[in-house]
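Worksheet: the structure to be examined is printed underneath.
All of the numbers you see were taken from the coordinates with simple rules; none came from a lab. Given the structure is predicted, the values throughout are model-derived calculations rather than measurements. Cβ placement follows ideal geometry from the backbone for every residue including glycine, while neighbour counts extend to all protein chains displayed.
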Amino acid sequence: VIPGVTSWRWIALADAGEFGTAVSPVVPLIVLAIAGVIMSALGVVIVSKFVKNLHEMLKTMDGITHEDGISTTRFKVKKKDEKSELGAIQKLFNDFLDEAKINSDRYRTIASLSDNMLFEWDFHKEVMYMSDNMLQKFDLKADGATLSNGRFLDSLMTPEDADKYKRDISTMLKNQKGYSTQYHLMTKSGTPIWVSFRANCITDRVGEPLRVIGALTDIDNEKKAEMQLSERASIDFVSQLYNRSTFIRMLSQELERRGPNKVATMFIDVDDFKFINDRYGHSSGDEAIRFVADNIRKKVDGRGGFAGRFGGDEFVLCYTNQDDIANLEQIAMDIIDELYVGFTTDDGTLINVRVSIGISYCPQHTEDVNELLAFSDTAMYFVKKNGKTNYHIYMPEDSESGEYNDPEGFQAN
């Protein structure tokens, strides 16, 4: 108890050596900041190293987009990185370039050794590749060309074929399937040739088109040989006109696509052809057939019509030109007059050729191909019955007598 003090106080005493100097709270923060800077610096160093390598890879990949880039550009792997993960990545990258080069060389070698003309359209890069033999054959340039912008194959076709080609390409891209057909293309020399066209659309995993790769093959010789064989099968040997089956097939096609237009047939029969054969010989009879064929061919060639020989001394003409159809009676008289002038045989004999002609019209008389031929044939026989060497337009009453009703049996067919 201290005299004069009314309250209590606690007093503690200790040796100052037992306590350390007090630490300021700022110090740990400084330490942490220094550590953060060091870690960031290390991170920057590490990331920059990878970024630099990535940049070099991108630069290398950009280099291979040039024509000779694949063979001249490689990623440099430092010796110290060879056994690291980064070195492994760099090596894989170079292996990828090597494989790309091999594939590119293989592609170009195949293109150079093949008779096929190759092309490839890249949708992403919008770049067209064409093989050297394709550029040599056709007047084309890869720059600015797409599949169907008027600077590729469609520029080598007629307008009608170009429209069909564009529809074919659109269908192929829509269906994402392979496509093959044949086209008639103009070469650099100005000579049209037939080519076989084959193409395939390559897509990504979600079905978006990536590339169209195709090949053209020159099939001009084969196509012409095929057409010649087909023509021989459809042409009468003596007259060089269409034979019966070919004429009827072509007439059917004309009737199907005529629309509001008229179509007319003219049936021609040589009068007394047997007399020509018996009197002057079969060789003169063949000359008479060729004489008639050459004359009637001139009436339809270049005017949308065509002519045929049905056998023996019977010929048929199809008229589609509306002016000719309107003037068909005069044309029939001209044929009769011109054939009557005759021809001179090899031995100097003049033979006058007389013919009887029957005419029928579509749709006036019928729209059926067999009836149309039967009616013109019946009209021709009407002339035979009534003096020969004339023409007659079919009338329904011509068929009232069974004697002249469809004598060739067209309606039976």
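Based on other C-beta atoms within 10 Å, arrange VAL127, VAL37, VAL383 from fewest to most. Don't skip to the answer; put the middle values down first.
Numbers: VAL127 15, VAL37 10, VAL383 20.
Listed from fewest to most nearby Cβ atoms, that is VAL37, VAL127, VAL383.
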So for TYR129, TYR183, TYR391, fewest C-beta neighbours within 10 Å to most, what's the order? TYR129, TYR183, TYR391
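For PHE96 and SER196, FRET efficiency with R0 = 41 Å and r from the beta-carbon atoms, rounded to 0.05?
Values: r = 35 Å, r/R0 = 0.86.
The computed FRET efficiency comes out at 0.70.
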Add +1 for every Lys or Arg and -1 for every Asp or Glu among the other residues with Cβ under 11 Å from the Cβ of GLU338, and state the total. -1
Rounded to the nearest 0.05, what FRET efficiency is calculated for GLN330 and GLN364 with R0 set to 22 Å and r the Cβ-Cβ distance? 0.75
So if each residue of separation counts as 0.36 nm, and I subtract the Cα-Cα distance between ASP143 and GLU338, what length gain in nm does that give? 64.3 nm
Distance in nm between pseudo-label sites at LYS174 and LYS125 (7 Å out along the Cβ direction from Cα): 3.0
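Net charge around MET172, counting only other residues with Cβ within less than 12 Å of its Cβ (Lys, Arg = +1; Asp, Glu = -1)? Working shown, then result.
Working: positive: LYS166, ARG167, LYS174, LYS177, ARG198; negative: ASP168.
Taking every Cβ under 12 Å from that of MET172, the sum is +4.
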Magnitude of the charge dipole, the range 301-407, Cβ model with Lys/Arg +1 and Asp/Glu -1, debye to 20: 220
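Only counting other Cβ atoms within 10 Å, I'd like ILE169, ILE38, ILE268, ILE219 sorted with the fewest neighbours first. Display every interim value, and only then the final one.
Values: ILE169 22, ILE38 10, ILE268 26, ILE219 15.
With the fewest neighbours first, ILE169, ILE38, ILE268, ILE219 line up as ILE38, ILE219, ILE169, ILE268.
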Give me the extension gain from THR181 to TYR280: residue separation times 0.36 nm, minus the current Cα-Cα distance, reported in nm with one decimal. 30.4 nm
Any idea how far the Cα center of the range 177-198 sits from the one of the range 329-350, in Å? 45
Let me know the Rg and Dmax you get for the range 235-404 when you use only its Cα atoms, in Å. 15.5, 51
Pairs LYS164/LYS224; LYS274/LYS384; LYS125/LYS166; LYS174/LYS224: which exceed 23 Å Cα-Cα? LYS174/LYS224
